[in-house]
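The structure appears right after this line, and notes come after that.
A short reminder: the numbers here are calculations on the coordinates, not readings from a lab. Not measured: the values here are computed from a predicted model. Note that we place each Cβ from the backbone using ideal geometry, even for glycine, and neighbour counts take in every protein chain shown.
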Amino acid sequence: MFKRLPVILAFVAAFAFAPHIAAAQETLTVFAAASMKNALDDADATFTRTSGVKVTASYAASSALAKQIEQGAPADVFISADLKWMDYVAGKNLIKPDTRVNLLGNRLVLIAPADSKIGSVKIGQGFDIAKLAGSGRIAVADVKAVPAGLYAKAALEKLGSWAAAEPKLAQAENVRATLAFVARGETPLGIVYETDAKIEPKVKIVGAFPADSHPPVTYPVAVTASSKNAATARYLAFLRSSAAKAIFEKYGFSFLIKPVS
Amino acid sequence: MLTINVEKRLGDFALDVSFASEGGATVLFGRSGAGKTSIVNMIAGMVRPDRGRIVIDGETLFDSDARIDVPAWRRRIGYVFQEGRLFPHLSVRHNLDYGRWMNGRARDDAAFNHIAELLDIGPLLDRRPGKLSGGERQRVAVGRALLTQPRLLLLDEPLAALDADRKREILPYFERLRDEAKVPMIYVSHDAMEVKRIATHVVRLDGGRVETTGGADLLSDVMPRESGASSNP
Amino acid sequence: MLDLSQQDWTAVLLSLRIATVATLVSLPFGIAVGYVQARKQFWGKSLFDAVIFLPLVMPPVVTGYLLLITLGRRAPVGSFLADHFGIVFSFRWTGAALACGIMAFPLMVRAIRLSIEAIDIRLEDAAGTLGANRTWAFLTITLPLMLPGVIAGMMLAFARALGEFGATITFVSNIPGETQTISAAIYTLTQVPGGDRLALQLVVVAVIISLVALVLSEWFARRAGARLHGN
């Protein structure tokens with residue numbers, strides 16, 4: 001066996017150091033908010049079919065993505081779930097400002113596991129979310145940085161529920177992790193976007209947060225300053241097209257601009 | 001052929017020896033702890049003396065004043081260790097060939113077969129050291145050292161790890177080396193019986209110094225089983 | 001039975017590749033450090049040994065973070081490497097390999113060190129008397145005797161590198177096709193509605209690969225023992 005060792009090692013080394021099997025096609029890297037996953041995957045597939053450009057999407061909390069871009073991550077396009085994080089990267093001159101567009105909107109909802117005994121609730125001033133959660137916790141995204149968590153905190157503060165709710169929070173890394181908590185029945189309640197709730201059959205929406213209880217949920221899109229990718233113009237044009245509009249609206253996003261094609 | 005004149009401090013023990021050897025079998029005799037192994041290690045180049053000179057056949061191997069210290073691998077001095085130190089991952093044959101291989105010399109079947117016959121290790125050639133008896137290991141160790149065609153062979157208590165029967169069995173091989181192969185030897189021992197049979201020349205050591213030198217008759221006053229201790233130096 | 005997507009298999013292949021590179025590149029360092037630890041004494045050796053061991057006991061995220069602030073594109077060492085040599089680690093598979101290599105290094109060094117310590121140093125002396133200089137003695141005596149131990153160390157490091165997550169995701173994040181390893185892919189799938197089934201399939205794949213690596217490591221370690229005793 002040891003006589004064959006050099007051959008084995010050579011084979012292994014060749015595999016390891018062989019260059020990436022270069023795809024003959026163009027590629028584009030998008031960093032997008034976690035809540036965009038299903039809708040954007042769908043849209044990207046359509047874009048690839050029509051343009052031939054392969055899209056690699058990395059989904060995470062917008063806060064994490066903004067920090068990564070700041071660290072020099074090789075993203076071509078950034079889609080944030082709030083204005084704050086787009087402003088953050090813009091302030092560091094990390095995006096091309098003339099490409100920035102507020103593309104989508106969303107709504108904040110209260111969810112429970114699908115088999116929960118909790119029925120519909122009306123969410124208004126003085127909403128006692130802590131009582132509704134009982135002995136369990138309320139799943140939210142990290143309230144210090146992640147957009148979904150920031151919106152949730154803002155809403156609870158506005159409604160006067162924050163003080164009682166804060167010690168009962170179960171904070172997750174991003175809104176999809178939050179969704180997963182509720183889907184698995186780990187927590188009796190959770191606060192996510194309407195679009196997230198719609199794709200998870202294991203949760204049900206038990207209430208909607210009034211639009212004026214939090215800053216409007218806005219998804220800005222921009223091309224990063226470091227991107228030298230020629231396909232970004234086509235991609236952004238696609239995101240603003242009616243084809244894309246149809247896809248996003250199907251998932252429950254609101255399309256904030258007039259489609260350009 | 002060998003002149004040695006060295007000093008070395010070893011812990012709280014000071015070594016200061018000076019002697020010469022004209023060939024044949026020179027035995028370093030003395031109690032355990034007399035410094036015999038250290039002397040042999042210095043001749044081999046494995047230990048560096050504090051001061052002194054070591055010259056073999058006119059070539060200076062070590063000279064503290066002239067700052068000469070030829071490394072062990074260039075001294076062409078064979079060494080048979082007390083515990084053999086055969087390479088466990090190589091067969092007996094490859095152990096024997098190791099020296100030739102390291103010196104880039106061509107195969108010499110005549111020499112190889114001669115040594116194998118001299119030491120009766122022919123039947124052992126394809127075995128691994130782990131499957132040899134103590135006596136067989138020592139014989140292979142001798143053969144391995146000899147096949148480097150050394151100008152001097154050092155043997156450090158080569159029979160100490162063997163029982164009386166084994167010793168009696170192997171001693172004749174050393175006599176053959178001395179008489180037939182005519183290899184100059186420096187042989188360390190604290191066993192008078194061994195010494196009496198092997199030695200053509202005796203250097204008797206005590207407390208790190210040469211007490212006396214002479215022929216084998218030097219040991220006539222020594223009882224057959226005299227030794228310093230049962231442990232090895 | 002297995003209905004993993006293209007992206008998932010990419011993650012598996014990427015993990016294998018990253019773990020292989022991490023192991024191969026850290027090997028010479030592992031042998032050097034193992035040799036020094038086994039054979040050499042010097043002032044500050046205890047501190048040296050502790051530093052080598054650090055990645056094993058520190059939280060992986062800490063290691064990843066340290067890598068980010070030193071080797072990130074805009075960090076001191078990272079920007080120097082990028083500007084002058086075009087070498088970039090952050091958000092690249094090379095960075096993932098670096099993170100995995102560092103996390104697995106203590107395991108490799110330990111196995112190698114133990115295998116060298118088990119070799120009688122007097123064998124190297126004996127080789128010297130037979131005409132081998134230090135280098136040849138190392139190559140012909142020490143290296144073959146420690147080889148099974150080295151391979152055991154490599155397999156162990158490979159298995160560890162394969163499962164690396166905390167340092168990797170902190171340093172190079174989670175970019176499919178570039179830095180999304182098996183662990184990151186599984187993690188991502190746990191956040192995808194209905195992704196549990198696929199996550200479990202990936203888990204099975206990961207476990208199988210790790211088991212094979214560990215069994216091979218054990219086998220080689222045992223061979224090392226047998227070899228040393230001349231069997």
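At a 10 Å Cβ-Cβ cut-off, how would you order A:109, C:88, fewest neighbours first?
Details: A:109 23, C:88 18.
Fewest to most other Cβ atoms nearby, the residues stand as C:88, A:109.
Once amide H atoms are built 1.01 Å from N in the peptide plane, which residues 5 or more positions from residue A:170, or in another chain, come under 5 Å H to H?
Long-range HN contacts for residue A:170: A:138, A:139, A:140.
Give the distance, in whole Å, between the Cα centre of the range B:1-66 and the Cα centre of the range C:56-118.
51 Å
What's the extension gain from residue A:145 to residue A:198 if we count 0.36 nm per residue and subtract their Cα-Cα distance? Don't skip to the answer; put the middle values down first.
Values: separation 53, 0.36 × 53 = 19.08 nm, distance 2.40 nm.
My answer for the length gained is 16.7 nm.
Taking a quarter of the surface of the convex hull around the Cα atoms of the protein assembly as shown, what do you get in nm²? Working shown, then result.
Details: hull surface 170.6 nm².
If you wrap the Cα atoms of the protein assembly as shown in a convex hull and average its projections, you get 42.7 nm².
Can you give the charge dipole size of the range A:108-208 about its Cα centre, rounded to the nearest 20 debye, using +1 on the beta carbon of Lys and Arg and -1 on the beta carbon of Asp and Glu? Working shown, then result.
Values: 13 positive and 10 negative charges, 35 e Å.
Here the range A:108-208 has a charge dipole of around 180 debye.
For the protein assembly as shown, what is the charge dipole size about the Cα centre, in debye to the nearest 20, if Lys and Arg each add +1 at the Cβ and Asp and Glu each add -1 at the Cβ? Walk me through the intermediate numbers first.
Working: 80 positive and 66 negative charges, 312 e Å.
Computed charge dipole of the protein assembly as shown: roughly 1500 debye.
In terms of Cα to Cα distance under 14 Å, which aspartates and glutamates are near enough to residue B:8, apart from those fewer than 8 places away along the same chain?
Cross-link targets: B:16, B:50, B:63.
Report, in debye and to the nearest 20, how large the dipole of chain C comes out about its Cα centre when Lys and Arg carry +1 and Asp and Glu carry -1 on their Cβ. Show your work: numbers first, answer last.
Numbers: 16 positive and 12 negative charges, 93 e Å.
Value, rounded to 20: 440 debye.
With a ≥ b ≥ c taken as the square roots of the eigenvalues of the C-alpha gyration tensor of the range A:108-208, please select rounded if a/c is under 1.5 and otherwise prolate if a/b is larger than b/c or oblate if it is not?
Details: a/c = 1.42, a/b = 1.13, b/c = 1.26.
Note, shape of the range A:108-208 comes out rounded.
Cβ under 15 Å from residue A:76's Cβ, residue A:76 left aside: what net charge do those residues give with Lys, Arg +1 and Asp, Glu -1?
Numbers: positive: A:54, A:96, A:100, A:228, A:234; negative: A:26, A:44, C:178.
Summing Lys/Arg as +1 and Asp/Glu as -1 gives +2.
Each residue of the range A:43-54 in turn: what ³J(HN,Hα) in whole Hz from Karplus with 6.51, -1.76, 1.60 and θ = phi - 60°, glycine and Pro shown as x?
5, 4, 4, 5, 4, 4, 4, 8, 10, x, 8, 7
Pop out the ³J(HN,Hα) list for the range B:113-122 in order, Karplus 6.51 cos²θ - 1.76 cosθ + 1.60 with θ = phi - 60°, rounded to Hz; leave Gly and Pro as x.
5, 4, 5, 4, 6, 4, 9, 6, 10, x
Set Lys and Arg Cβ to +1 and Asp and Glu Cβ to -1, take the dipole of the range C:6-228 about its Cα centre, and tell me which of C:156, C:112, C:19 lies farthest positive.
The residue sitting farthest along the positive end of the dipole is C:112.
Taking each residue of B:82-92 in turn, how many C-beta atoms of other protein chains fall within 10 Å of its C-beta, and what is the average? Walk me through the numbers on the way to the answer.
Numbers: counts 0, 3, 1, 8, 3, 9, 12, 12, 4, 1, 0.
Per-residue shielding by partner chains comes out at 5.
Karplus couplings for the range C:101-118 from phi (6.51 cos²θ - 1.76 cosθ + 1.60, θ = phi - 60°), rounded to Hz, Gly and Pro as x?
Using θ = phi - 60°, the values come out as x, 5, 5, 8, 3, x, 5, 5, 4, 4, 5, 5, 4, 4, 6, 6, 4, 6 Hz.
Excluding residue A:223 itself, what net charge comes from residues whose Cβ is under 13 Å from its Cβ, given Lys and Arg +1 and Asp and Glu -1?
Numbers: positive: A:96, A:100, A:228, A:234, A:240; negative: A:76, A:98.
Its environment carries a net charge of +3.
Report the antiparallel proportion of the DSSP beta bridges in the protein assembly as shown as a percent, rounded to a multiple of 5. Kindly include the intermediate steps, with their values, before the conclusion.
Details: 46 of 81 bridges.
If we restrict to bridges inside the protein assembly as shown, about 55 percent are antiparallel.
So for chain C, taking the charge dipole from beta-carbon charges (+1 Lys/Arg, -1 Asp/Glu), which of C:173, C:48, C:86 sits furthest toward the positive end?
Farthest towards the positive pole: C:48.
Considering every residue in A:63-69, what mean count of other chain Cβ atoms within 10 Å of its Cβ is obtained?
Values: counts 0, 3, 1, 0, 2, 8, 1.
Mean shielding count: 2.
Determine the shape class of chain B: with a ≥ b ≥ c the square roots of the Cα gyration tensor eigenvalues, call it rounded for a/c under 1.5, and otherwise prolate if a/b is greater than b/c, oblate otherwise.
Details: a/c = 1.75, a/b = 1.25, b/c = 1.40.
In terms of gyration-tensor shape, oblate.
Starting from the Cα gyration tensor of the range C:1-73, take the square roots of the eigenvalues, sort them a ≥ b ≥ c, and report rounded, prolate or oblate (rounded when a/c is under 1.5, otherwise prolate if a/b is larger than b/c, else oblate).
Numbers: a/c = 3.03, a/b = 1.96, b/c = 1.55.
Prolate.
What's the center-to-center distance, using Cα atoms, between the range B:161-186 and the range A:105-139 in Å?
Answer, in whole Å: 96.
Over chain A, what is the mean sequence separation of C-alpha contacts under 8 Å (at least six apart), divided by residue count, expressed as relative contact order in percent? Intermediate values should be presented prior to the final figure.
Details: 490 pairs, mean separation 71.2, N = 261.
So the answer I get is 27 percent.
Enumerate the aspartates and glutamates that residue A:54 could reach by cross-link, defined here as Cα to Cα under 12 Å, with residues fewer than 8 away along the same chain left out.
Output for residue A:54: A:26, A:41, A:44.
Would you list which lysines come within 23 Å of residue A:198, measuring only between C-alpha atoms, while excluding same-chain residues fewer than 8 positions from it?
Here the lysines satisfying the reach criterion relative to residue A:198 are A:37, A:117, A:122, A:153, A:245, A:250.
Which listed residue (B:56, A:95, C:6) has the Cα farthest towards the positive end of the charge dipole for the protein assembly as shown, taking +1 on Lys and Arg C-beta and -1 on Asp and Glu C-beta about the Cα centre?
A:95
Whose amide H sits under 5 Å from the amide H of residue A:218, counting only residues 5 or more places off or on another chain, with H placed in the peptide plane?
Distant-sequence amide H within range of residue A:218: A:83.
Could you list which residues have their amide H under 5 Å from that of residue B:24, counting only those 5 or more apart in sequence or on another chain, with H placed in the peptide plane?
B:185
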